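J.: I have a structure I would like to understand better, so I am pasting it below and will then ask my questions one at a time.
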Amino acid sequence: MSAAMDTESTYSGYSHYSGHSKKAHRQGRDRHKSPRSKDGSRSEKSVTIQTPPAEPLLGNDASRAEDGQDDNWGETTTAITGTSEHSISQEDIARISKDLEDSVGLDCRRYLGLTVAAVLGLLVFLTPIAFILLPQILWRDDLEPCGTVCEGLFISVAFKLLILLIGTWALFFRQPKADIPRVFVFRALLLVLIFLFVFSYWLFYGVRILDSKDTNYQGIVQYAVSLVDALLFIHYLAIVLLELRQLQPMFTVKVVRSTDGESRYYSLGHLSIQRAALVVLENYYRDFTVYNPALLTASKSRAAKHMAGLKVYNVDGPGNNASGQSRAMIAAAARRRDSSHNELYYEEADQERRVKKRRARLVVAVEEAFTHIKRLQAEEQQKAPGEMMDPREAAQAIFPSMARALQKYLRTTRQQQYHSMESILQHLSFCITNNMTPKAFLERYLNPGPTLQYDRDRWFSKQWTLVSEEAVTSGLQDGIVFVLKCLDFSLVVNVKKIPFIKLSEEFIDPKSHKFVLRLQSETSV
């Protein structure tokens with residue numbers, strides 16, 4: 001309690017001091033916060049880190065008083081003073097250090113794998129050419145003439161190597177979409193198979209051809225052709241294992257976001273757990289609405305408000321234990337539970353009314369602004385070419401008329417941290433350039449979109465951790481549950497196998513579709 005009172009007093013005198021005194025008060029508040037972070041109680045509170053003042057739409061300072069903060073705002077918020085440009089919390093420092101350590105290991109492992117694959121691929125393509133050229137270089141005078149047959153085989157080897165090169169480029173030389181914790185089993189098996197295959201061919205070539213200096217050049221060229229044919233079959237096997245095997249749906253996964261309970265269903269084929277996690281994350285950025293922690297603070301502040309209104313008096317003196325106080329608080333909370341649902345109902349109704357009111361004002365303001373820009377376009381056609389307005393200038397001209405309504409709506413719906421003034425101007429100029437309607441412009445702001453719709457610096461999920469009881473390289477099975485964790489929330493994935501469907505056939509004779517119309521003798525008139 002003393003720490004909280006000191007923090008509140010520190011923040012109350014925050015505006016009466018200079019930049020140096022602000023820094024001293026902030027350091028004093030950090031000293032009060034440090035003991036709580038050690039005993040673990042700080043993790044139960046929501047920490048809000050303000051964005052730099054240049055990013056949010058028209059400033060965020062006024063939105064704090066309008067939206068309302070929780071009772072622990074002064075304790076759990078990192079404020080930006082005039083002497084600093086960025087703010088960072090202890091969780092961010094720990095996350096950055098961990099990300100640096102993990103990124104170094106992942107980069108080394110990724111580049112090592114790419115190096116091994118590139119060296120092996122170069123060996124594969126140079127081996128048939130070496131089989132053909134080595135006899136010509138070492139014992140050319142002793143070789144038997146080959147003639148037209150060898151020339152035809154040369155053309156066959158050249159085109160097969162070209163086809164193999166194009167197929168290898170299309171299948172393997174693609175930009176990786178993610179860093180997985182373990183190696184891809186099938187790709188590693190293919191690399192081992194190719195290495196053993198090429199090594200066996202070189203071993204046979206060295207023993208039977210190089211040592212004996214075989215003079216049958218046609219047989220040597222056919223030996224190189226057989227190697228290229230076998231490599232083409234291995235490439236076909238790679239297509240089956242890496243691409244075709246996973247196409248048939250075999251499992252249905254349910255993905256639930258832990259914070260708000262939003263869920264989606266997806267169908268997957270035969271995949272390992274880590275590759276299934278990649279598919280889930282790719283669909284998450286596309287299908288799930290963007291994670292907004294501001295929408296979750298209302299319930300926490302409401303619960304804190306109820307607990308703050310409870311007072312416990314110890315009538316038996318200081319010698320009484322704390323269990324009696326806890327029981328008294330639980331009983332008082334149970335008595336107040338009957339009235340809490342009414343407060344929730346009226347609070348949600350009031351919030352819905354405010355959102356509808358702000359939405360109506362925003363729609364009217366945007367429609368009037370777009371009508372004005374249409375009028376400008378009609379007038380600008382009669383002016384000189386030097387006086388014409390480009391879409392950026394037109395967007396800057398009409399934006400002030402809708403800025404206040406848009407600002408209030410974004411604050412009411414708690415979306416102001418996802419839309420900066422620059423992004424709104426870019427979207428407005430894009431809509432003007434493509435002759436889009438006001439509804440098309442407002443679609444981004446009236447309904448929260450997927451994560452991919454926003455800038456990367458607005459994402460709350462960039463690095464994920466896969467948690468699974470099974471090995472991540474093992475395949476999906478019925479009943480497996482794994483979790484994808486990021487800093488603020490997690491995705492719980494439950495795997496269910498698609499049931500076996502038994503479909504039978506029943507034949508219906510077309511002649512059986514006969515009907516009789518029965519008429520009653522007395523009908524109503």
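The values are calculated or read from the model by the stated rules, or taken from the named source; none is laboratory data. Keep in mind the model is a prediction, meaning the values are calculated, not measured. Backbone-built Cβ (ideal geometry, glycine too); neighbour counts: all protein chains shown. Note: accessible area is taken over every heavy atom of the protein model, side chains too, but ligands, DNA and RNA are not part of it. Shrake-Rupley method; radii C 1.70, N 1.55, O 1.52, S 1.80 Å.
J.: If Phe125 satisfies every condition in (1) closer than 13 Å to Gln218 by Cβ; (2) part of a helix (DSSP H, G or I); (3) touching a helix residue (DSSP H, G or I) at 6+ places or on another chain (Cβ under 7 Å); (4) open to solvent by 40 Å² or more (accessible area, probe 1.4 Å) but one, which is the exception?
T.: In the conditions (1) closer than 13 Å to Gln218 by Cβ; (2) part of a helix (DSSP H, G or I); (3) touching a helix residue (DSSP H, G or I) at 6+ places or on another chain (Cβ under 7 Å); (4) open to solvent by 40 Å² or more (accessible area, probe 1.4 Å), Phe125 misses (1) alone.
J.: Find all pairs meeting these conditions: Cβ atoms under 7 angstrom apart; at least six residues apart or on different chains; first residue within segment 159-181 and over 28 Å from Trp464 (Cα atoms); second residue among the aromatic types (Phe, Trp, Tyr) and not in a loop (DSSP other than H, G, I, E, B).
T.: Within 7 Å, the pairs are Leu161/Phe125; Leu165/Phe125.
J.: From the list Leu242, Leu247, Leu237, Leu232, exactly one residue is surrounded by fewer than 17 Cβ atoms within 10 Å (Cβ to Cβ), in a loop (DSSP other than H, G, I, E, B) and of a type in the set (A, V, I, L, M, F, W, C). Which is it?
T.: Being surrounded by fewer than 17 Cβ atoms within 10 Å (Cβ to Cβ), in a loop (DSSP other than H, G, I, E, B) and of a type in the set (A, V, I, L, M, F, W, C) holds for just one of Leu242, Leu247, Leu237, Leu232, which is Leu247.
J.: Which of the residues that make up segment 250-269 are outside any strand (DSSP E or B), out of contact with any Pro (no Cβ under 7 Å at 6 or more places or on another chain) and touching a residue at least 12 places away in the same chain (Cβ under 8 Å)?
T.: Answer for segment 250-269, where residues must be outside any strand (DSSP E or B), out of contact with any Pro (no Cβ under 7 Å at 6 or more places or on another chain) and touching a residue at least 12 places away in the same chain (Cβ under 8 Å): Met250, Ser258, Thr259, Asp260, Glu262.
J.: Here is a further query. Any idea how many residues of segment 147-205 are open to solvent by 90 Å² or more (accessible area, probe 1.4 Å), in a loop (DSSP other than H, G, I, E, B) and among the charged types (D, E, K, R)?
T.: 3
Listed here are the residues, each with its yes/no results for (1) touching an Asp or Glu at 6+ places or on another chain (Cβ under 9 Å); (2) outside the structural domain of Gln351 (by the TED database); (3) at pLDDT 85 or above.
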{"site": "Phe370", "(1), (2), (3)": "no, no, yes"}
{"site": "Lys374", "(1), (2), (3)": "no, no, no"}
{"site": "Glu379", "(1), (2), (3)": "no, no, no"}
{"site": "Lys383", "(1), (2), (3)": "no, no, no"}
{"site": "Ala395", "(1), (2), (3)": "no, no, yes"}
{"site": "Met402", "(1), (2), (3)": "yes, no, yes"}
{"site": "Arg411", "(1), (2), (3)": "yes, no, yes"}
{"site": "Met421", "(1), (2), (3)": "yes, no, yes"}
{"site": "Phe441", "(1), (2), (3)": "no, no, yes"}
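J.: Then there's this: If you check every pair at least six apart or on different chains, which have Cβ atoms under 7 Å apart with a residue in segment 216-243 that is over 17 Å from Trp202 (Cβ atoms) first and a residue that is outside any helix (DSSP H, G or I) and open to solvent by 50 Å² or more (accessible area, probe 1.4 Å) second?
T.: Correct list of pairs: Asn216/Glu144; Tyr217/Glu144.
J.: Determine whether Val472 is touching a strand residue (DSSP E or B) at 6+ places or on another chain (Cβ under 7 Å), assigned to a strand (DSSP E or B) and in the same structural domain as Arg257 (by the TED database).
T.: Judged against the criteria, Val472 is not a match.
J.: Before we move on, is Phe460 modelled with pLDDT of 90 or more, over 20 Å from Tyr266 (Cα atoms) and not charged (D, E, K, R)?
T.: No, not satisfied.
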